[in-house]
Amino acid sequence: MKKNYYVGATLALLLLAGCNDDTDVKFANDSGVKVTFSAVINDPNANNLSRVTGVAFEDGDSLGITCGPTQVNIKYRYNAADQSFTAANAYNEVWLMGNDEYAVSAYYPYKGDEDVAPMVQTVVTTSEFQRTAEAREGIDYLYASGTANRWNPNVQLAFRHVMSRLVLKFKPGKDYQGNPITLSDVDFYICGLNLYGTFNPNTGETALTPLSVDESGAVIEDPSRENSVSQQLDETNDFTFTGIFLPQTVDGSNEFGGVLLEAAMRTGDSRSFYSVTLGPDVLPELLAGYSYEYELTANAYNDNEIRLDLSGVQINPWNSVDGGTFEPTPGVAGTNADATSSTWGDMEQVDVEATPVE
């Protein structure tokens, strides 16, 4: 494969008398063909998903495409009008020369410069990057790979999510007399996840940036690293927290014993504070390409006690990933839990009783 520019293609076309197909030209007696791209975001149910919104690619979305060793990080944009991807620079399209097969890789969102291999990117998933859907798009990395040759120049890129998504929906329940509770707003915090890492757009791999430790192995507090993500939940976002996080294991070894959910909820004229710890028996890991979706219902059991019931658990693949079998057990640290064994793709229900914060 060699680097080819638009001016070269134009010259070749002018020299080829009677050629009606502008995707197959000759360069110094070497056969060349222009590569075209289409893209979907992989889903085992054959739904074409996209990023965090669940709709199609948006007009102007930019991908970085590498084909073989010389055509590196070429910027392609999505055109909503005809659902196609075209080179951002018309003089720098991807072409194939000869009869060899070449590896193709692509990632989203685009970073860096054309013709320069993209650098490993620093990933920060703190509150600043989580508060809106637009902000989360910047950390919802996608990756695809495939092959191309002159007999298969039309490459469909099947992207996969490399991050993990956590969705927590707060629902108003009933008071102890069976009357509906009015949920006004929720100040929500999630603690205990590693919010820092890297994404390699050349391989699609992510990695966590480890915490600093001293000689004894104790964690050194780093004031520059936030350890929680917060969102204000109300009617405008349907009382739903959505977070994009790096894939990681939840082993319960941190100060929270797992993932700590804290909520300051206003119901009517009162405001109450609650915490729920999801230990490794309930949430052992966040897998790449999976969306973890929970419902937390606020129910009042007497005049002074509102309990959060964690239920309606759905752990669904954003894309095909072998998740194995999940074997939860009751007794999560800080909670009273009943859990049902299930596979990752079809988890039924987990009920967790909140522990009020003193």
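The values are calculated or read from the model by the stated rules, or taken from the named source; none is laboratory data. These numbers come from a predicted model, not from an experiment. Glycine also receives a Cβ, built like all others from the backbone with ideal geometry; neighbour counts cover every protein chain displayed.
Just to be sure I understand, how many residues within the stretch 87-107 are surrounded by 14 or more Cβ atoms within 10 Å (Cβ to Cβ) and outside any loop (DSSP other than H, G, I, E, B)?
Result for the stretch 87-107: 9.
Does the stretch 108-123 contain any residue that is surrounded by 15 or more Cβ atoms within 10 Å (Cβ to Cβ), modelled with pLDDT of 95 or more and farther than 19 Å from G204 by Cβ?
Within the stretch 108-123, one or more residues are surrounded by 15 or more Cβ atoms within 10 Å (Cβ to Cβ), modelled with pLDDT of 95 or more and farther than 19 Å from G204 by Cβ.
For the stretch 132-168, which positions are under 30 Å from W95 (Cβ atoms) and not in a strand (DSSP E or B)?
Y141, R150, W151, P153, V162
Take Y141 and tell me if it is in contact (Cβ under 8 Å) with a residue 12 or more places away in the chain and either in contact with a Leu (Cβ under 7 Å, 6 or more places away or on another chain) or surrounded by fewer than 15 Cβ atoms within 10 Å (Cβ to Cβ) (or both).
So Y141 fails the test.
Quick one: R225 ticks every box in (1) under 30 Å from G68 (Cα atoms); (2) outside any strand (DSSP E or B) bar one, so which box is it?
That leaves (1) as the condition not met.
Looking at (1) crowded, with 16+ Cβ neighbours inside 10 Å; (2) out of contact with any strand residue (DSSP E or B) (no Cβ under 8 Å at 6 or more places or on another chain), find the lone condition where R150 falls short.
Going through (1) crowded, with 16+ Cβ neighbours inside 10 Å; (2) out of contact with any strand residue (DSSP E or B) (no Cβ under 8 Å at 6 or more places or on another chain) one by one, R150 breaks only (2).
Can you tell which of L283, L261, L233 is out of contact with any Asp or Glu (no Cβ under 9 Å at 6 or more places or on another chain), among the aliphatic types (A, V, I, L, M), touching a residue at least 24 places away in the same chain (Cβ under 8 Å) and within 12 Å of F188 (Cβ to Cβ)? Show your work before the answer.
Values: L283 fails: within 12 Å of F188 (Cβ to Cβ); L233 fails: out of contact with any Asp or Glu (no Cβ under 9 Å at 6 or more places or on another chain).
On inspection, the qualifying residue turns out to be L261.
Quick grid of which residues meet (1) in the same structural domain as K174 (by TED's automatic domain parsing); (2) within 28 Å of Y196 (Cβ to Cβ); (3) modelled with pLDDT of 85 or more:
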| residue | (1), (2), (3) |
| --- | --- |
| L246 | yes, yes, yes |
| G252 | yes, yes, no |
| I315 | yes, yes, no |
| E327 | yes, no, no |
| P330 | yes, no, no |
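Would you mention how many residues in the stretch 208-239 are among the hydrophobic types (A, V, I, L, M, F, W, C), touching a Ser or Thr at 6+ places or on another chain (Cβ under 7 Å) and surrounded by 15 or more Cβ atoms within 10 Å (Cβ to Cβ)?
Qualifying residue count for the region: 2.
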